[in-house]
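Novice: Okay, handing you the structure first.
Read-outs: derived from the displayed coordinates by stated rules, not from any lab. Being a predicted model, the structure only gives us computed values, none of them experimental. Reconstructed Cβ throughout: ideal geometry from the backbone, glycine too, with neighbour counts over all protein chains shown.
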Amino acid sequence: MTDLLLKVSFSAYISAAFLAVFSSASGKSAIQRAAGILLRAGFLFHSGMILLRWHAAGRPPFASMYEALVLFSWAIVAVYFVFDALYRAKILFIPALILALCMLLGAFFGDSAMKPLVPALQSPWISIHVVTYFIGYGSLSVAFMLGLLYLVYRKQHSAGSDQLRYIDTLMYRLIIFGFPFLTIGMTTGSAWADVAWGTYWGWDPKETCSLITWLVYVVYLHMRVLRGWKDSKAAWLCIIGFLVTLFTFIGVNFILPGLHSYN
Amino acid sequence: MKNETHGNPFWRMIKSIRLALVLLWAIIVASFIGALLPTEQQPLVYSSLWFFCLVGLFALNLLTCSIDRIFFNRRRIGSTITHAAVLVILAGSLISVLFGFRGHMELSEGQGSDRFIDGDKARGLPFKVTLEDFSLQWYETGQNGFPVRVRVDDAGFKASLRVQLNATYPLGKTGYSFVAIKYLPHFIFNEDHAAVNVSDQPKNPALLVRITGPGGGEDRWIFSLHPDLQMGGDPNIRFRFDLEPQIKEFRSTVKVSDPSRGADFTRDIKVNTPLEYRGYTFYQSRYDSEGLAWTGLDVVYDPGVKIVFLGFILLNFGIIVIFYPKLKASFVNPQREKT
């Protein structure tokens, strides 16, 4: 049942993405509205799938790579809705959908078996730690797509053009939206580690990489606010930040063994 | 930080954002190098004097920058809280490093102790801890069926099933079918060569399948830990029992006796539920996987942890105060302007 729901939401997302591409090419607003409706429908099924899996597994569904990717894509779409509500930022529609679809594709390749939680993961901290982290990741990943878009537009527009300034501001807003979630995720993870193992910081590879990710965005924020970095340099830093994030999320599990190596 | 004209050149350098950024990059690179090292070599970075100095210099930079800000720029309250929070976290972890310690104690059932091992020395506790009981709980197996793979060679048939007890599973057009009729978590053969279960610990999970096939029928035991052991007559049909029993909970029931304070109580220690008493915290960390007769507890004394957590709260609060009001400011969307 959950597999079916996820496939339905994947189909809705992919149709929405095609419609959106088509509407931006043809300029028909009716098609864009249809894309928006499909996205909402897909999100509804996606949310339903997560809740249903939560119920079926009898535990928060945030423990395997499959579950993490499902949540990641959900968070990306959720962040899109937030930015749509705040700024009607339609420019994010396609980039956010591409990312969400990639994450879901990854999930389809993963093992969807509902495994019971090992004792260390049985804690109320799991929900707040994982969900806040993925909302942060969702936001920063969309910012990453905007960073790429910025570099593409930079070739066509002169520095300081309205379009570039808009993308840069949106990128900055995505990062300042996501960064507090990243901070909550990291500090709650630390608090949880203290409850489970008695070490709030143990330089586990996952911990270290999450700190590095956080520090890269600290550098970005200081550069932008204090040094006025708003050009391609900021876009590059934003791209690097997300690549580090991705390494923290996926790379560490495969390359550096530690307490977070779930599969 | 805008007031970079205050003070002498040394002060200006120490509190400068340039130094902060250089140090941040240095910490990022050093941390990454450490993460690439094998676990046992990681202290070469994280516990080294130079890494300590790097973080210390960063703390000094933050401190001077924050002092500067408090005296010269009172308006940025969120930023001040955030930077102060980082200092609180670093101060708390310094206290952890200087005054905290951790060790280990192993207790057999009925055994009490007021000491634990920290590296190669014993440390005393101001009270006594006695293990009353250690127990292990497994997730119920077979709730969603038992995972079984079956293969019929001459028909080239393969299937992966979740098998319920006493349900019949026909195997395609092979002419075979089977029923799982019994599950034993801890299978042994007794002296009379009969299959018996000796405990509810899944030490040797075994499933008895009743096969019906073209050549008649047979009962066959299949074992998850011994996949190649199939005591059956018909070599044409093979089974794999893929059960992986998983531990649900470790529980050490301990009694704390502290005559000096008149305290005497019993508590359960589980993973994620440590026991805290008089500044010492006891964590479930190891156990006797053979006889379940002893438990291993980590003992932690860490006066810095509460300060670190205070820093975490301040950090989250400060960062939200800095950034979320900024989300409200409107800005121009050139595309919407056009339409």
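Novice: Which residues' amide hydrogens lie under 5 Å from the amide hydrogen of B:Lys182, considering only partners 5 or more residues apart or on another chain, with H built in the peptide plane?
Specialist: The answer is B:Leu208.
Novice: For segment B:76-152, what are Rg and Dmax over the alpha carbons, in angstrom?
Specialist: Final numbers for Rg and Dmax: 24.2, 74 Å.
Novice: Exposure proxy check: B:Val163, A:Val21 ranked by fewest other beta carbons within 10 Å?
Specialist: The fewest-first ordering by Cβ neighbours comes to A:Val21, B:Val163.
Novice: Hey, could you get me the Stokes-Einstein D for segment A:55-203, Kirkwood radius over alpha-carbon pairs, 25 °C and 0.890 mPa s, rounded to whole µm² s⁻¹?
Specialist: Using the Kirkwood radius from Cα pairs, D works out to 146 µm²/s.
Novice: Scanning chain A for helices, which whole DSSP H stretches are 27 Å or more long along the axis (Cα) and average 0.0 or more by Kyte-Doolittle?
Specialist: A:2-26, A:29-57, A:65-87, A:125-156, A:162-197, A:205-227
Novice: If amide H atoms are built 1.01 Å from N in the plane of the peptide, which residues on other chains or at least 5 residues away come under 5 Å of the amide H of B:Val163?
Specialist: Correct list: B:Phe146, B:Val148.
Novice: Ok, one more. Quick check for you: which residues of segment B:75-99 have the amide N under 17 Å from the point 7 Å beyond the Cα of B:Lys328 toward its beta carbon?
Specialist: Backbone N within reach: B:76-79.
Novice: Also, quick follow-up: Expressed in nm², what is the orientationally averaged projection area of the convex hull enclosing the Cα positions of chain B?
Specialist: Details: hull surface 132.8 nm².
Across all orientations, chain B yields a mean hull projection of 33.2 nm².
Novice: Would you work out which of B:His104, A:Gly198, A:Val77 lies farthest towards the positive end of the dipole of the protein assembly as shown? Charges go on Cβ: Lys and Arg +1, Asp and Glu -1.
Specialist: It is A:Val77.
Novice: Over the Cα atoms, compute the radius of gyration (one decimal) and Dmax (the largest Cα-Cα distance, rounded to a whole number) for segment A:1-117, in Å.
Specialist: 14.6, 49
Novice: Separate question: Ordered by residue, what ³J(HN,Hα) values in Hz, to whole numbers, does segment B:113-127 give under the Karplus form 6.51 cos²θ - 1.76 cosθ + 1.60, where θ = phi - 60° and Gly and Pro are x?
Specialist: With coefficients 6.51, -1.76 and 1.60, one gets 7, 10, 9, 9, 9, 10, x, 10, 10, 9, 10, x, 10, x, 7 Hz.
Novice: Between B:Asp133 and B:Leu36, 0.36 nm times their residue separation minus their Cα-Cα distance comes to what?
Specialist: Using 0.36 nm per residue and subtracting the Cα-Cα distance, I get 30.8 nm.
Novice: Here's something else I'd like to know. Give or take rounding to whole Å, what are the principal axis extents of the alpha carbon atoms in chain A, in descending order?
Specialist: On the principal axes, chain A reaches 54, 47, 29 Å in Cα extent.
Novice: Against the longest principal axis of chain B, how steep is helix B:49-72, in degrees 0 to 90 to the nearest 10, with axes from Cα atoms?
Specialist: Its long axis makes an angle of about 50 degrees.
Novice: Per Stokes-Einstein, at 25 °C and 0.890 mPa s, what whole-number D in µm² s⁻¹ belongs to the protein assembly as shown, with the Kirkwood radius over Cα pairs as the hydrodynamic radius?
Specialist: Details: Rh = 28.1 Å.
For these conditions, the coefficient is 87 µm²/s.
Novice: Find the relative contact order for chain A and round it to a whole percent, using C-alpha pairs within less than 8 Å whose residues are 6+ positions apart.
Specialist: Relative CO of chain A lands at 17 percent.
Novice: Turning to a different aspect of this structure: Among A:Phe43, A:Ser29, A:Pro60, whose Cα sits farthest toward the positive end of the charge dipole of segment A:1-117 (+1 at Cβ of Lys/Arg, -1 at Cβ of Asp/Glu, about the Cα centre)?
Specialist: Working it through, the farthest residue towards the positive pole turns out to be A:Ser29.
Novice: Same structure again: Would you please classify the overall shape of segment B:193-339 from the alpha carbon gyration tensor, given that a ≥ b ≥ c denote the square roots of the eigenvalues, rounded means a/c under 1.5, and beyond that prolate means a/b larger than b/c while oblate covers the rest?
Specialist: Oblate, since a/c reaches 1.5 and b/c is not below a/b.
Novice: Still on this model: Can you tell me the Rg and Dmax of segment A:131-263, counting just the alpha carbons, in angstroms?
Specialist: So, for segment A:131-263, Rg and Dmax equal 16.1, 54 Å respectively.
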